[in-house]
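Peer 1: Take this structure, written in structure tokens, and hold onto it; I'll ask about it next.
Read the figures in this text as sums done on the coordinates, not as results from a lab. As the structure is a computational prediction, the values presented were derived from the model and not from experiment. Note: ideal-geometry Cβ built from the backbone for every residue, glycine included; neighbour counts use all protein chains shown.
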Amino acid sequence: MRWVDGFFPFTRPSLELEVHYQGRWMELLGSGVVQQRIAHECGITDQIGWAFGIGLERLAMRLYDIPDIRLFWSEDRRFLDQFNDRKPHVTFVPYSKYPPCYKDVAFWLPDAAGGTAEFHDNNFYEVVRGVAGDLVENVALVLCHICSASGCARPSTRLPTPQLS
């Protein structure tokens, strides 16, 4: 660990505590003497203040491979849901920076008993991946309705895509 000069808007002088972790120096703690002007504005004229703050987020960034500290203040379920299971070690899985935009696709399939080739969900998934590529993050079957009169199936599939506008 080492102390290095730092800058914070309300302290002077300012110091940062850095720790050597996985081959890199990482800021863990910022500290400094509170500027006397700030203490005076708070009615404190005969004391000196010391301020510090520990950056636990920075440790979590390294531990979970999170690339951007701003994600900790995100309300995006794609981030939050990765850490809900209280697993001892989770590796962050990146996702699109754009919010999801869901497209539901439904179509009728003829009755397989009527002599047509059987259709498998993976056939549709392959078509989606071939046309949309990386724009579709996953394909999920959300509902399959079977017509009682004709025996035809109507799968309904949800395609989450990034909202690009």
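Peer 1: So if a site counts as exposed when it's one of the GluC sites (Glu not before Pro), its DSSP state isn't H, G, I, E or B, and it has at most 15 other Cβ atoms within 10 Å, what's the longest stretch of the chain without one?
Peer 2: 1-74
Peer 1: Let me ask something additional. Compute the FRET efficiency between Arg129 and Ile54 as 1/(1 + (r/R0)^6), taking r as their Cβ-Cβ distance and R0 = 45 Å, and round to the nearest 0.05.
Peer 2: Once rounded, the FRET efficiency stands at 0.50.
Peer 1: Ok, one more. Only one of the values (i) 221; (ii) 179; (iii) 152 was calculated from this structure for volume of the Cα convex hull per residue in Å³; name its label.
Peer 2: (i)
Peer 1: So what J values fall out for the range 139-145 if you push phi through Karplus, 6.51 cos²θ - 1.76 cosθ + 1.60 with θ = phi - 60°, rounded to Hz, Gly and Pro as x?
Peer 2: 10, 9, 6, 9, 6, 9, 9
Peer 1: Sticking with this one: Counting only residues 5 or more places away or on other chains, whose amide H sits under 5 Å from the amide H of Leu159 once H atoms are built in the peptide plane?
Peer 2: Lys103, Asp104, Val105
Peer 1: Would you tally the net charge around Leu143, using a Cβ to Cβ cut-off of less than 13 Å, leaving Leu143 out, and scoring K and R as +1, D and E as -1?
Peer 2: 0
Peer 1: Can you put Arg58, Arg129 in order, fewest other beta carbons within 10 Å first?
Peer 2: Arg129, Arg58
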